[in-house]
Amino acid sequence: MSLQPKVSIVIPLWNEAENIDALVAMLASSRIIREGQGEAVLVDNGSRDATGKLLREHAERNRWILPIYLNENLNYGGGLLEGASHSRGQIVCFMPGDLQYLAPDLDGVVARATALQDVGRKALVKGNRIRRLDSGSMRFVSSVYTRIANLVLGLGVEDVNGLPKAFDRSLLACLPPQRMKTFVLDAQLIYVARRAGWDVEEVDVTFHARRAGVSSWSGRRLQTYMRSVRQLWQVRSAGTARPQ
């Protein structure tokens with residue numbers, strides 16, 4: 001892509017060989033890519049399957065894909081932060097690569113973030129999963145986690161881990177040196193946005209069931225959430241970046 005993109009969609013990929021073809025097709029169907037507004041920063045997050053090979057093939061055919069290859073898995077948050085460091089768009093959008101969010105919701109969240117940026121409002125716009133097609137147990141655990149995150153950090157949101165999340169890239173400078181490398185990065189982004197006086201808006205989205213592949217924390221969900229609750233206190237202690 002020769003022109004400077006307005007939007008960078010950052011997506012970490014860990015062993016997503018079964019999903020990557022459909023993911024690229026989904027992104028290509030989005031208004032952001034279709035109208036030449038953005039780039040997709042796809043991060044091969046230390047995959048051990050054919051993700052890297054397939055990503056390279058798609059990047060050769062699609063100039064709007066910026067591929068990043070990592071030798072080791074930096075976890076969900078680490079992959080997002082690494083991808084963001086290579087992105088070029090003024091609006092950065094974070095989302096996963098497992099096709100649990102589709103083009104209409106991606107476009108809706110980014111459109112709202114763009115509209116707010118155009119009128120000079122600093123805002124983090126994020127998805128709120130009002131329709132979820134995953135398991136009841138996951139919905140329950142997610143609800144409990146959101147309540148705890150709101151209590152610990154005063155986030156005031158309906159769905160902490162709801163995606164996509166879109167924001168002006170200057171929000172990244174508000175993150176402290178201690179940046180969460182897990183999915184607690186979602187809570188940390190909201191926290192620093194609130195502390196910086198930004199608006200936080202939630203847009204209704206649909207959360208689809210995973211089509212293929214395995215979550216990076218499948219089989220250890222309880223341990224992951226227990227560790228995440230401890231990390232919420234680390235987010236609170238870390239605060240935000242000191243003013244320059």
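The values are calculated or read from the model by the stated rules, or taken from the named source; none is laboratory data. All values reported here derive from a predicted model rather than from experimental measurement. Cβ: placed from backbone, ideal geometry, glycine included. Neighbour counts: every protein chain shown. In case anyone asks, the SASA skips ligands and DNA or RNA and just uses the protein heavy atoms, side chains included. Shrake-Rupley method; radii C 1.70, N 1.55, O 1.52, S 1.80 Å.
Given the condition under 15 Å from residue 164 (Cβ atoms), part of a loop (DSSP other than H, G, I, E, B), in contact (Cβ under 8 Å) with a residue 60 or more places away in the chain and not β-branched (Val, Ile, Thr), answer yes or no: does some residue in region 102-117 qualify? Within region 102-117 (the criterion being under 15 Å from residue 164 (Cβ atoms), part of a loop (DSSP other than H, G, I, E, B), in contact (Cβ under 8 Å) with a residue 60 or more places away in the chain and not β-branched (Val, Ile, Thr)), the answer is yes, since at least one residue qualifies. Of all residues in region 180-232 being assigned to a loop (DSSP other than H, G, I, E, B) and basic (Lys, Arg), which is modelled with the lowest pLDDT? Step by step, filter region 180-232, then rank; the result is 220. Counting only residues that are assigned to a loop (DSSP other than H, G, I, E, B) and touching a residue at least 60 places away in the same chain (Cβ under 8 Å), region 123-144 holds 2 of them.
The set of residues from region 96-140 being in contact with a helix residue (DSSP H, G or I) (Cβ under 6 Å, 6 or more places away or on another chain) and aromatic (Phe, Trp, Tyr) is empty.
Report whether or not residue 170 is part of a helix (DSSP H, G or I), more than 18 Å from residue 224 (Cα to Cα) and open to solvent by 30 Å² or more (accessible area, probe 1.4 Å). Break it down into steps so the answer makes sense when it comes.
Numbers: part of a helix (DSSP H, G or I): yes; more than 18 Å from residue 224 (Cα to Cα): yes; open to solvent by 30 Å² or more (accessible area, probe 1.4 Å): yes.
In short, yes.
Among the residues of region 85-100, are any closer than 12 Å to residue 201 by Cα and outside any helix (DSSP H, G or I)? Checked against the condition, which is being closer than 12 Å to residue 201 by Cα and outside any helix (DSSP H, G or I), region 85-100 yields no hits at all. Against the conditions (1) in a strand (DSSP E or B); (2) at positive phi, residue 9 satisfies every one except (2).
In region 129-154, of all residues being within 26 Å of residue 104 (Cα to Cα) and touching a Ser or Thr at 6+ places or on another chain (Cβ under 9 Å), the one that is surrounded by the fewest Cβ atoms within 10 Å (Cβ to Cβ) corresponds to 131.
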